[in-house]
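What follows is a short report on a single structure.
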Amino acid sequence: MSSEAITTIVKMIESLPKETQDQVVDHLREYIDELQDEMKWEQSFKRTQSELIAAAKNAKRDIAEGKRTAMDYNQL
């Protein structure tokens with residue numbers, strides 16, 4: 001993020017009453033935490049995407065060859 005964008009956000013927050021500033025900061029922390037979690041998931045998925053595709057292809061092949069049966073959810 002550019003320093004201009006950060007400056008704008010700081011000015012916006014500073015224009016609010018102290019109690020509201022605290023609320024905004026709490027919301028921003030939560031939002032940023034969620035964004036960071038999403039970025040971690042995306043990176044993890046990108047690293048394992050080829051493995052997931054290979055596993056799905058193997059599963060489809062096994063099903064087509066009759067090596068696998070459908071899951072019976074009642075047995076869980």
For the chain the GluC sites (Glu not before Pro) that pass both the DSSP coil test and the at-most-10 other-Cβ-within-10 Å test are GLU65
Which label belongs to the value computed from this structure, given these candidates for P(r) over Cα pairs in 10 Å bins from 0, in percent: [x] 15, 22, 20, 15, 12, 13, 3; [y] 18, 44, 16, 15, 6, 0; [z] 15, 33, 31, 17, 4, 0?
[x]
Can you tell me the 0 to 90 degree angle between the C-alpha axis of helix 18-64 and the longest principal axis of the chain, rounded to 10?
20
Relative to the present Cα-Cα distance, how much length would full extension add between ILE63 and MET39 at 0.36 nm per residue of separation?
5.3 nm
Extension gain TYR31-THR7, at 0.36 nm per residue separation less the Cα-Cα distance, in nm?
6.8 nm
Using only protein heavy atoms and a 1.4 Å probe, report how much of LYS40 is accessible, in Å² to the nearest 10.
140
Working from Cα positions, state the angle (0 to 90°, nearest 10) between the long axis of helix 3-14 and the longest principal axis of the chain.
70
Please report the accessible area of MET12 (heavy atoms, 1.4 Å probe, ligands and nucleic acids excluded) in Å², nearest 10.
120
Once the other residues with Cβ under 14 Å from the Cβ of ASP33 are scored (Lys, Arg +1; Asp, Glu -1), what is the net sum?
-3
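The values are calculated or read from the model by the stated rules, or taken from the named source; none is laboratory data. Predicted model only: the values in this text are computed from it and were never measured. Cβ: placed from backbone, ideal geometry, glycine included. Neighbour counts: every protein chain shown. For accessibility, only protein heavy atoms count, side chains too; no ligands or nucleic acids. Shrake-Rupley method; radii C 1.70, N 1.55, O 1.52, S 1.80 Å.
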